[in-house]
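*Asks:* Here it is: the structure, laid out below.
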Amino acid sequence: MRMASGRLLLVLALVAACLPAVAAGASGAPAATVVVNAKAGLATVPDTAIGVNHAIWDSQLGTSAVNDLLGDAGVRMMRYPGGSYGDIYHWKDHTAPGGYVAPNTDFDTFMGGVRRAQAQPIIIANYGTGTPQEAADWVRYANVTKGYGVKYWEIGNELYGNGHYGSNWEADDHPDKSPAGYARETVAFARAMKAVDPTIKIGAVLTTPANWPDAIVGTGDAASWNQTVLSIAGPYVDFAIVHWYPGGSTTDQVLASTDQVADMTYLLRQQIARYAGPDADRIGIALTELNTSYGRNTQPGALFAADAYTSLLENGVFNVDWWNVHNGPGKASTVGGQPDFDDFGLLSSGGCLADGGCEPPLNTPFAPYHALKMLSLFARPGDQLIRAGSGDPSVRAHAARRPNGDLAVLLLNSDENNSRTVSIDYAGYTPSAAAPTVHTFTNGASGVVTSADGSATTRTLPPFSLTALVLHPSGTTQLPAAPGQPTGSATDRTATISWPSVPGAVKYEVHRQLGTTSEQWGETSGTSFTAGNLNPGTRYTVNVLARDAAGALSWASPPLTVTTGSPAQSSCTVRLSTAADWSSGYVGGIDITNTGPNPLADWTLTFTWPTGRQQLGSGWNATWTQSGSTVTVVGNARIEPNATVSVGYVGNYSGPNIPPAAFTLNGTLCHTTS
């Protein structure tokens, strides 16, 4: 026995020596480093940021108890009359043929709740079974007769689900159910409604990149839903409406979906800029339905809500609405040691399931409700979100800078069983030595706990928790004003950035965001700067900061993203095309034209996928290989001068499908068209 034990100890020692070392804090919890970069500014939090959906089949819609809960959570936008009910609801007689309408859920009752919660409404005008005149009359009643000042109006809900693409859940009485039909009618709605009140904002339904039926071209259509709707209705609308229900069956999977937000919003803005006509950058993005597929009522749902809302707001989405305030139980399970009812609601409906499992009492907040409250404590309207990140995949970080000089840090620990000791490094900000205000929501807790303790640079995060630190700055130095929104343009190798002047500024610094760090491109006393030696086909996000004569550095400007292209002239041209797309893969074509003077007997084309979620499936008319994110295409056909060869491939993707923008042929960068 002694010999066996000795061998076992020796084996364990050898195994331990081969494992990577895991740092631990003083408490014994695994350690993580979080970096907060105040020089890398993101979007400013609007007063419409945190929203929810209210439905006319919810009898609690107008009650003081519910609206007081929503107001206390910091909800500032309420959507009505509820998803697909928006396309069957007639506001004048408060009916929804084919659906249930609960008592005391009419428009005036809803508006009473909105005002009690100190929120504002976003209304779905009935496109499916209504008319432009009915919508215009609603605008007149709301804003002229009653003086409610309803600013945001959606034209229908999920009309791509009207059967045109095969799935039919959305009511639509129009004979033309194509995207062109929807777009033309949206123009009619917008004209009629703005004739009553020109100050309102009109939203058009779009598809979410990489979510069905995005990029699919329906029978008889010339283009996808988004391209068609934007091309026709773009000049008449003020914001795009998208919904997002990402999949996943574990906490890690649902949180990983938020990593797609930056690419998702970037691709949507690219579509808006390309198809919506002049002044397209005025068109905002509202994500008016959001929920998760795992742990809807427990801590995974709370972690997802906090991470998704913040990620969307960081990327400039002006409104995010959770689906729903109440919804009802689906199935009972245990998630993270807590009862989960698969209920899409923020608040319990108090219902029971056939198997005997019952929800907590009516209006008991579920975990995602507390996540919204955490968000309202972390980032308030007028705060500027800034870059933050963690080296530990179990720890997610966000940060916001406040106009009074304070800074808030939101930390998520997705490890169900273990604490994390976090060290926090700050760039461009020096916190005071005073104890921060700390807001914490832990697994199974009935609310957010607030205290003042610890330091700004280290914190132990409980398992499965959300923590928000609010810090004060060291010193009271007066900072110059931040520069306003920069504008820019790019070639294949350069980017020119311009910005409004700042009174008292003696020079400006231009910083490129590199994750949680910044790379200073240069400085100037003027209000424009050109960066050179850039990589073709690459996305660059930059901020401008102002420095005064005393050396004080301002907040970061709003971010600007520019994408370098391909050279205007080259000895080769590449044209991309798509023959078919099914929202997770597509058939692509590449036409390669030899615009040089000499024939190409042997040629190799290379390009790199813009995201890690894209990959080559197969290819033809050449030899195709992929290594990492780089695709190599070796030709088997001679290309004469001014001649073109065509090759094809199947591309697969599990997130926003951003096309490659830079191609090299035998080492020469080609001009690219589409």
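*Asks:* For the range 444-501, what are the residues that are basic (Lys, Arg) and within 30 Å of Asn418 (Cβ to Cβ)?
*Replies:* Taking the range 444-501 as the starting set, the residues that turn out to be basic (Lys, Arg) are 459, 493.
Passing the criteria: only Arg459.
*Asks:* Right, something else. Among the residues of the range 211-232, is any more than 20 Å from Asp93 (Cβ to Cβ), of a type in the set (A, V, I, L, M), out of contact with any helix residue (DSSP H, G or I) (no Cβ under 6 Å at 6 or more places or on another chain) and part of a helix (DSSP H, G or I)?
*Replies:* Here is the first cut: in the range 211-232, the residues more than 20 Å from Asp93 (Cβ to Cβ) are 211-232.
This time we only want the ones that are of a type in the set (A, V, I, L, M), so: 215-217, 222-223, 229-230, 232.
Filter once more, so that each one left must be out of contact with any helix residue (DSSP H, G or I) (no Cβ under 6 Å at 6 or more places or on another chain): 215-217, 222-223.
With the extra rule that they be part of a helix (DSSP H, G or I), the set shrinks to none.
No, because not a single residue in the range 211-232 is more than 20 Å from Asp93 (Cβ to Cβ), of a type in the set (A, V, I, L, M), out of contact with any helix residue (DSSP H, G or I) (no Cβ under 6 Å at 6 or more places or on another chain) and part of a helix (DSSP H, G or I).
*Asks:* Additional query: Considering only residues of the range 425-442 that are within 25 Å of the chain's Cα centre (by Cα) and farther than 19 Å from Thr298 by Cα, which is surrounded by the fewest Cβ atoms within 10 Å (Cβ to Cβ)?
*Replies:* Only one residue tops the list, namely Ala427.
*Asks:* Considering the range 73-113 alone, what residues qualify as being polar (S, T, N, Q) and within 26 Å of the chain's Cα centre (by Cα)?
*Replies:* Going residue by residue through the range 73-113, those that are polar (S, T, N, Q) are 84, 95, 104-105, 109.
Of everything in the range 73-113, just one residue is polar (S, T, N, Q) and within 26 Å of the chain's Cα centre (by Cα), namely Ser84.
*Asks:* Which ones in the range 462-488 are buried (at least 17 other Cβ atoms within 10 Å of the Cβ) and among the hydroxyl-bearing types (Ser, Thr, Tyr)?
*Replies:* Across the range 462-488, the qualifying residues are Ser465, Thr467.
*Asks:* Which one of Ser583, Ser566 is among the polar types (S, T, N, Q), assigned to a loop (DSSP other than H, G, I, E, B) and closer than 22 Å to Asp214 by Cβ? Before the answer, list the steps.
*Replies:* Details: Ser566 fails: closer than 22 Å to Asp214 by Cβ.
Being among the polar types (S, T, N, Q), assigned to a loop (DSSP other than H, G, I, E, B) and closer than 22 Å to Asp214 by Cβ holds for just one of Ser583, Ser566, which is Ser583.
*Asks:* Let me ask you something else. Residue under question is Thr625, and the condition is that it be in a strand (DSSP E or B) and surrounded by 14 or more Cβ atoms within 10 Å (Cβ to Cβ); does it hold?
*Replies:* No, not satisfied.
*Asks:* Shifting gears a bit: Of the conditions (1) in contact with a strand residue (DSSP E or B) (Cβ under 6 Å, 6 or more places away or on another chain); (2) more than 24 Å from Ala256 (Cβ to Cβ), Pro597 satisfies every one except a single condition; which number is it?
*Replies:* (1)
*Asks:* Shifting gears a bit: For Val150, are the conditions met, namely being of a type in the set (Val, Ile, Thr), part of a loop (DSSP other than H, G, I, E, B) and within 28 Å of Thr208 (Cα to Cα)?
*Replies:* Details: of a type in the set (Val, Ile, Thr): yes; part of a loop (DSSP other than H, G, I, E, B): yes; within 28 Å of Thr208 (Cα to Cα): yes.
Spelling it out, Val150 is indeed of a type in the set (Val, Ile, Thr), part of a loop (DSSP other than H, G, I, E, B) and within 28 Å of Thr208 (Cα to Cα).
*Asks:* Ala580 passes all but one of (1) of a type in the set (A, V, I, L, M); (2) within 22 Å of Ser646 (Cα to Cα); (3) not assigned by TED's automatic domain parsing to the domain that holds Pro660; which number fails?
*Replies:* The failed condition is (3).
*Asks:* Identify, by number, the condition in (1) surrounded by 14 or more Cβ atoms within 10 Å (Cβ to Cβ); (2) at pLDDT below 95; (3) of a type in the set (D, E, K, R) that Arg2 doesn't meet.
*Replies:* (1)
*Asks:* Cβ-Cβ below 6 Å, separation at least six or inter-chain, first residue in the range 273-287 and free of Cβ contacts under 8 Å to residues at least 12 places away in the same chain, second part of a helix (DSSP H, G or I): which pairs?
*Replies:* Between residues of the range 273-287 that are free of Cβ contacts under 8 Å to residues at least 12 places away in the same chain and residues that are part of a helix (DSSP H, G or I), the close pairs are Ala273/Ala280.
*Asks:* Counting just the residues of the range 45-63 that are closer than 18 Å to Leu313 by Cα and surrounded by fewer than 19 Cβ atoms within 10 Å (Cβ to Cβ), which one comes out farthest from the chain's Cα centre (by Cα)? Reasoning before the result, please.
*Replies:* Within the range 45-63, the subset closer than 18 Å to Leu313 by Cα is 45-53.
Checking the rest, the ones that are also surrounded by fewer than 19 Cβ atoms within 10 Å (Cβ to Cβ) come to 46-47.
On the way: Pro46: 15, Asp47: 17 Å.
Checked the range 45-63; the qualifying residue farthest from the chain's Cα centre (by Cα) is Asp47.
*Asks:* Can you tell me which residue is surrounded by the most Cβ atoms within 10 Å (Cβ to Cβ) among those in the range 451-461 that are touching a residue at least 24 places away in the same chain (Cβ under 8 Å) and closer than 25 Å to Thr298 by Cα? Quick ask: steps written out before the conclusion?
*Replies:* The first filter runs over the range 451-461 and keeps only residues touching a residue at least 24 places away in the same chain (Cβ under 8 Å), leaving 456-461.
Of the ones still in play, those that are also closer than 25 Å to Thr298 by Cα are 459-461.
Details: Arg459: 22, Thr460: 18, Leu461: 25.
Result: Leu461.
*Asks:* Out of all the residues in the range 36-83, which are part of a loop (DSSP other than H, G, I, E, B) and basic (Lys, Arg)?
*Replies:* If the condition is that a residue be part of a loop (DSSP other than H, G, I, E, B) and basic (Lys, Arg), then Arg76 is the only one that fits.
*Asks:* Residues that are out of contact with any strand residue (DSSP E or B) (no Cβ under 9 Å at 6 or more places or on another chain), farther than 20 Å from Tyr85 by Cα and not basic (Lys, Arg): does the range 119-134 have at least one? Outline the logic, then answer.
*Replies:* Initial filter on the range 119-134 (out of contact with any strand residue (DSSP E or B) (no Cβ under 9 Å at 6 or more places or on another chain)): 131, 133.
Narrowing further to those that are farther than 20 Å from Tyr85 by Cα: none.
Within the range 119-134, none of the residues are out of contact with any strand residue (DSSP E or B) (no Cβ under 9 Å at 6 or more places or on another chain), farther than 20 Å from Tyr85 by Cα and not basic (Lys, Arg).
*Asks:* Output the residue which, of all residues in the range 332-373 that are among the charged types (D, E, K, R) and modelled with pLDDT of 95 or more, is nearest to Leu466 (Cα to Cα).
*Replies:* In this case the residue turns out to be Lys373.
*Asks:* Can you name the residue in the range 628-648 that is touching a Phe, Trp or Tyr at 6+ places or on another chain (Cβ under 6 Å) and not hydrophobic (A, V, I, L, M, F, W, C) and, of all such residues, is farthest from Val574 (Cα to Cα)?
*Replies:* Ser629
*Asks:* Taking the options Thr494, Thr487, Thr457, name whichever one is hydroxyl-bearing (Ser, Thr, Tyr) and in contact with an Asp or Glu (Cβ under 8 Å, 6 or more places away or on another chain). Talk me through it step by step, then tell me what you get.
*Replies:* Details: Thr494 fails: in contact with an Asp or Glu (Cβ under 8 Å, 6 or more places away or on another chain); Thr487 fails: in contact with an Asp or Glu (Cβ under 8 Å, 6 or more places away or on another chain).
Result: Thr457 is the single residue among Thr494, Thr487, Thr457 that is hydroxyl-bearing (Ser, Thr, Tyr) and in contact with an Asp or Glu (Cβ under 8 Å, 6 or more places away or on another chain).
*Asks:* Something else: Let me confirm something: among Ala354, Ala306, which residue is more than 30 Å from Asp281 (Cβ to Cβ) and aliphatic (A, V, I, L, M)? Step through it out loud before you land on a result.
*Replies:* Values: Ala306 fails: more than 30 Å from Asp281 (Cβ to Cβ).
After ruling out the rest, the residue left standing is Ala354.
*Asks:* Look through the range 64-80, keep the residues that are touching a residue at least 60 places away in the same chain (Cβ under 8 Å) and not hydrophobic (A, V, I, L, M, F, W, C), and return whichever of them is surrounded by the most Cβ atoms within 10 Å (Cβ to Cβ).
*Replies:* Arg79
*Asks:* Could I ask something else about it? Residues that are of a type in the set (Gly, Ala, Ser): find the strands (runs of 3 or more DSSP E) completely inside the range 389-475 holding 1 or more of those. Break it down stepwise before answering.
*Replies:* On the way: elements: 395-401, 407-413, 420-427, 437-441, 449-452, 458-461, 465-471.
Correct list: 395-401, 407-413, 420-427, 449-452, 465-471.
*Asks:* Quick one: would you say Glu170 is closer than 30 Å to Tyr653 by Cα, touching a Leu at 6+ places or on another chain (Cβ under 7 Å) and not aromatic (Phe, Trp, Tyr)?
*Replies:* yes
The values are calculated or read from the model by the stated rules, or taken from the named source; none is laboratory data. Please read these numbers as outputs of a predicted model, since none were measured by experiment. With ideal geometry, Cβ positions are generated from the backbone for all residues, glycine too; neighbour counts draw on all protein chains shown.
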